[in-house]
Protein chains: 2
Amino acid sequence: MTTPVLDLAFAALSDPTRREIVQRLAKGAARVTDLAQPFDMSFNAVSKHVMVLERAGLVRRTRAGREHHIALDPKPIRRIAGWASRYERFWSDRLDKLEAFLKANRKRD
Amino acid sequence: MTTPVLDLAFAALSDPTRREIVQRLAKGAARVTDLAQPFDMSFNAVSKHVMVLERAGLVRRTRAGREHHIALDPKPIRRIAGWASRYERFWSDRLDKLEAFLKANRKRD
DNA sequence: GCTATATTCAACCCATAGGTTGAATATATG
DNA sequence: CATATATTCAACCTATGGGTTGAATATAGC
């Protein structure tokens, strides 16, 4: 049951810098330079972060001359949302149990 | 904008073994021994995985004698679902654009 | 053609992650 | 009490992550 998509997506998003980059990209595509600008770290570090996001499929790159256009690909995030949604049932179950418990207590009042 | 909750949750869930453990725990609490049983790795390795999940808040531990009862705490998963849901708008935006594009083409037919 | 810009590649550093094995600790059980 | 069971702690190993700096590569602009 190897699901490298989730492995890579979760790992990529565990870094706050990369989550900020994703958030930034949700507002539109950008060059690597643009993405690096807000951060207090080397351009190369950000370039590496972008590569990690790309390898995880969270981002797509199109080359336009010397500039690389980085765009968000939300599919892996969707996968994560799907994975997480499995547990909504679990949440409801717990709520149901709590509700049942409160109901039972109310009867005794 | 430090959100260690998401950092830890995403990191914890990036490991397939830990995701399997979470999935298992969705069916009910279990001892560490029970959790380790299906895996082809040392008990200690699984124990460590459980500790990682605990540190990330994905799991709660209650001691009953020598046995530790491990139960799923779905709150961090909820946080992740919330984070991912921010991008639903982005997905819809892209779908809207696609729809608009198709509509425009239909007009030309 | 020369220089500036955008980007990756490569080597390195240090910390952490995931795994192992071997104690240590605490609680059950005969 | 002695032994078996459930679990963590500790030390170790190797691989990977996130950061740095210093090239190398490719394209743009004068």
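The values are calculated or read from the model by the stated rules, or taken from the named source; none is laboratory data. Keep in mind it's a predicted model, so treat the numbers as computed, not measured. Methodologically, a virtual Cβ is constructed for each residue, glycine included, from the backbone with ideal geometry; neighbour enumeration extends over all protein chains shown. SASA here: full protein model, heavy atoms, side chains in, ligands and nucleic acids out. Shrake-Rupley method; radii C 1.70, N 1.55, O 1.52, S 1.80 Å.
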Are any residues in segment B:44-70 within 8 Å of DNA strand C (Cβ to nearest atom), open to solvent by 50 Å² or more (accessible area, probe 1.4 Å) and away from chain A (no Cβ under 14 Å), and if so, which ones? B:44, B:48, B:63, B:64, B:65, B:66, B:67
For segment B:1-43, how many residues are more than 8 Å from DNA strand C (Cβ to nearest atom), among the polar types (S, T, N, Q) and more than 9 Å from chain A (Cβ to nearest Cβ)? 2
It is to be established whether one or more residues within segment B:32-44 are under 21 Å from residue B:4 (Cβ atoms), within 11 Å of DNA strand D (Cβ to nearest atom) and of a type in the set (A, V, I, L, M). no
Condition test on residue A:81, is it open to solvent by less than 70 Å² (accessible area, probe 1.4 Å), closer than 30 Å to residue B:27 by Cβ and not aromatic (Phe, Trp, Tyr)? yes
